[in-house]
1. How big is the charge dipole of region 1-119 about its Cα centre, in debye rounded to the nearest 20, if each Lys and Arg gets +1 on its Cβ and each Asp and Glu gets -1 on its Cβ?
2. Here are some pairs, LYS76/LYS146; LYS10/LYS114; LYS114/LYS145; LYS114/LYS146; LYS10/LYS120; LYS68/LYS107; which of them have Cα atoms lying more than 29 Å apart in this structure?
3. Which log10 I(q)/I(0) values, to two decimals, does region 32-115 give at q = 0.16, 0.17, 0.18, 0.24 Å⁻¹ under the Debye formula with one point per Cα?
4. Enumerate the residues in region 44-83 having an amide nitrogen under 14 Å from the point lying 7 Å beyond the Cα of GLN11 toward its Cβ.
5. Can you work out the Karplus-derived ³J(HN,Hα) for every residue in region 13-25? Use 6.51 cos²θ - 1.76 cosθ + 1.60 with θ = phi - 60°, whole Hz, and x for glycine or proline.
6. Tell me which of ILE101, THR86, ALA136 sits at the most positive position along the dipole axis of region 83-141, charges placed on C-beta atoms (Lys, Arg +1; Asp, Glu -1).
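Since every read-out is calculated from the coordinates, none of them should be taken as a lab result. A quick note: this is a predicted structure, and the numbers were derived from the prediction, not measured. Positions of Cβ are backbone-derived with ideal geometry, glycine not excepted, and every protein chain shown enters the neighbour counts.
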Amino acid sequence: MYAVIKTGGKQYRVSPGDLMVVEKLDGEPGAAIAFGEVLMVGEGEAVVIGAPTVAGASVSATLVETRKGEKVKIFKKIRRQGYRRTLGHRQHETVLRVTAIAGADGKETKWDGKVDLTTKGELDARARGLKFISPADQAAAAAAKKIQAPKKAAKAPAAPKAKAAPAAKAEAAPAEAKAEAPAKKAAAPKKAAAPKKDKSAE
């Protein structure tokens, strides 16, 4: 049995046991999700088409993970203007495992397998031989580290430097002037220049 459902503005053809990627849905890993908007249900040659949906039909699924999709690059350019901009976007998406499809006549087809909640990131880490840390564990570790870290002691403001009083400067200036004045007077007088001989007398 297969069905065509609508979610996130898109249509998907699903069968029991299929792994499907849809637009982001609310819920934790392992949560049961039911789709009531079934557009078509088919089994072999018997097909029931809804108008617009099939009354009484539903599709059940289990939420595996919510993640970000592949990065899409957006490049803008205006020629001869030197304008170039590169942006990136990763759309949030939800991975589901279809577990059962119920038709309009009440007949239901179930999937016998067990839902594996292993995420794509964990599978990639295993393939590379690396240790995988889930985003929830990373957030918990960061919160614990923040709590354990001691708060830095606030530095005491530095005391302002004392400025010299202007009166003291004024008093110091005349004293220095008086000390310099006698020193100038005590300086040795210049030697008198020798008188020039009168050459005309000779």
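1. Details: 19 positive and 14 negative charges, 324 e Å.
The calculation lands at about 1560 debye.
2. On the way: LYS76/LYS146 41 Å; LYS10/LYS114 27 Å; LYS114/LYS145 37 Å; LYS114/LYS146 39 Å; LYS10/LYS120 23 Å; LYS68/LYS107 36 Å.
Long pairs (Cα-Cα over 29 Å): LYS76/LYS146; LYS114/LYS145; LYS114/LYS146; LYS68/LYS107.
3. Rounded to two decimals, the profile gives -0.75, -0.79, -0.84, -1.11.
4. Within reach of a label on GLN11: 48-54.
5. 9, 10, 9, x, x, 6, 9, 10, 10, 10, 4, 3, 10
6. The Cα lying farthest towards the positive end belongs to THR86.
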